[in-house]
Amino acid sequence: MTLLDTISKASTGSAQLESDFDYPIILNPDPVFLTLKPENEDPIDKVIVKRVSGWDLSQSDSETMELGKKFFSKLKRKLKNTNSFTKGEFFKMFNSYLEELGGKFGISVELDRSDEGYTNELVGKVGGLMGRDVRALILEGCVVLEIWDLLESLIVNGLVEHSCTSNLVNNLIEKRRSDLIILCVKHFSDLQSYDIMCILKYFLCPPKDGYGSMVAVRKEWDNQALLAIQKVQDKSLGVKRMNLAKDASLLIMLAHDGFSVSQLCLHYLLASKNLDEVILASCISKLNGSEMMCLIRYLSKWLKKYERFPRAIPSPEASSKLGLTVCVWIPSIGDIVKCLGLVMDEHFSSLVFHLEVHEELRSLGRLVNSLAAESRLCSSVASIVESWRTEH
C-alpha cells in the first residue's frame, strides 16, 4: 500500500471532524501538539498514518476568534448602510473591540480615550492580534468613511494583508490620496506590477484634484531639506558624521530643487525595491504619449543634475544616523539610466515620430555620453590604483 493510499484510507476511515471556527488568527501549535495522542495505541497495528485525538484550541485563542467574529459581523452589517453609520460610531465600535482584545492579553494604553491619538496607539499595540478578515473590513471602513489617519496607522504598522493591497491602491487613486499612495510604496514590499503601473501613470500625469493631498509630500521634503542644513551647521557631529551630513545635504538638494511635487512622488517609486527591471519594463510599455513625455522630462532633469554634481551618491546611512529619511528614497544615477534605457527599448519607434521629443532626446544623448566618458575614466583610474596596490 502506497503512502497516498494510507493517507486516503485514514482520512475516510471515520466520520469527518467538524469545527465551528474558521481560524482567522495565527494559532500557536506548541501547546496543542503536546496534548495530541493516537486514537489506537495497539502495538500490533502497523498503519503508518494514525488518527489522533486531543485537538483543542486554547481558551485565549477561542475567545479571540469569537470576539473577532462578533465584531466582524456587526461592522459588516453597519457598513452596508454608510448613510446612517458615522465616523464616531465606527471609532466607538473599533476602540471597544481593541480594548477588549488587548485586555485578554494584558495590553493597554496610557492615553486617555478622548485623545486624538488613542485609536492609533491601540492599533500599534493590539492591531497584530486582529484576524485577517477583520483587518480587511477595517480597511474597507477606512476608505468608505474616509478615515485617513487610521488608514495611515494600519499601513505604517504593517497590518495590510497582501490580498488587500491592489484594492487599496486602486481605491486611494480614485480618492486622490497621493500621500497615502506614497505610504503604500514605502511600506508594501510586495506591490504587484499592475499596482506599480497605476501609481506610475498617476504621478506622471496627476489629475487636478490629486495635487491637494501632495502638500504633505512637499512638506516632508521641505522639512528634510531644512534638517539637512541644520546638520551641516552642527559642529558637534564630528568629522565622519559631518562628512555624511554634507553628502546627504547635496543629495537632498538635487532631489528637492527644480522638481514639481508630483515628480517628488516619482522619486519614491523609482527608488523602491518593488521595482525591478522586468516590472519597470512592463509598466513603461503601457504608458501613452503624454505620460512618456513626462517621464522623459523627469529623467532628463535627473541626468542634468548628476552631470553637474557627479559626486552625489545615495546615502542610506544618513537615514539611520542623521534622521534624513528621504535619503533612501532618492533614485541613483543607475536607477535613472536603467529607466531611460527601458524607455528607449519599449518606445523607440513611437518616439521617432514625436518631433517635440527629438531635442530632448538629443540633449539626453549628450548627457549620457558625457556620463559614460566619466565612468570609463573613473574605471581606468580605479584599475591603476588597484594594480599599484597589488604590485606594492
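Comparing Cα centroids, region 74-142 and region 174-247 end up 29 angstrom apart. Of the peptides 247-257, 59-69, the ranking by mean beta-carbon count within 10 Å, highest at the top, reads 247-257, 59-69. Sequence-ordered 3J(HN,Hα) estimates for region 230-237 from the Karplus curve with 6.51, -1.76 and 1.60 and θ = phi - 60° stand at 5, 5, 5, 8, 7, 6, 7, 6 Hz, glycine and proline given as x.
Here the Karplus relation 6.51 cos²θ - 1.76 cosθ + 1.60, evaluated at θ = phi - 60°, turns the backbone of region 59-69 into coupling constants of 4, 5, 5, 4, 5, 5, 5, 5, 4, x, 5 Hz, with x for every Gly and Pro. Backbone phi angles across region 283-289, fed through the Karplus curve with coefficients 6.51, -1.76 and 1.60 (θ = phi - 60°), yield HN-Hα couplings of 5, 5, 5, 9, 7, 8, x Hz in residue order; Gly and Pro are listed as x.
Could the peptides 102-110, 165-173 be put in order, highest first, of the mean number of other beta-carbon atoms found within 10 Å of their residues?
Details: 102-110: 12.7, 165-173: 18.8.
Taking the mean over residues of other Cβ atoms within 10 Å, the ranking is 165-173, 102-110.
Extending 7 Å from Cα along the Cβ direction at GLU307 and again at GLU99 yields two label points whose distance is 6.4 nm.
Projecting the alpha carbon convex hull of region 82-134 along each direction and taking the average yields 4.1 nm². Taking 7 Å steps out from each Cα toward its Cβ at MET344 and SER319 produces label points 3.0 nm apart. Rounded to the nearest 0.05, what FRET efficiency do SER166 and VAL239 give with R0 = 45 Å and r taken as the Cβ-Cβ distance? Could you check? Efficiency at R0 = 45 Å is approximately 0.40. The alpha carbon gyration tensor of region 218-309 gives principal lengths a ≥ b ≥ c with a/c of 1.5 or higher and a/b greater than b/c, which makes the shape prolate.
Site pair ASN81 and HIS187 shows an inter-label distance of 3.3 nm when each label is modelled 7 Å from Cα along Cα→Cβ. For the pair LYS246 and ASP112, the difference between a 0.36 nm per residue extended length and the Cα-Cα distance amounts to 44.0 nm.
Need one word for region 249-296: rounded, prolate or oblate. Basis is the Cα gyration tensor (sqrt eigenvalues a ≥ b ≥ c); a/c below 1.5 gives rounded, then a/b vs b/c decides. Taking the square roots of the gyration eigenvalues as a ≥ b ≥ c, region 249-296 is oblate.
FYI, it's all coordinate maths here, none of it is from the lab. Given the structure is predicted, the values throughout are model-derived calculations rather than measurements. Note that each Cβ is placed from the backbone with ideal geometry, even for glycine, and that neighbours are counted across all protein chains shown.
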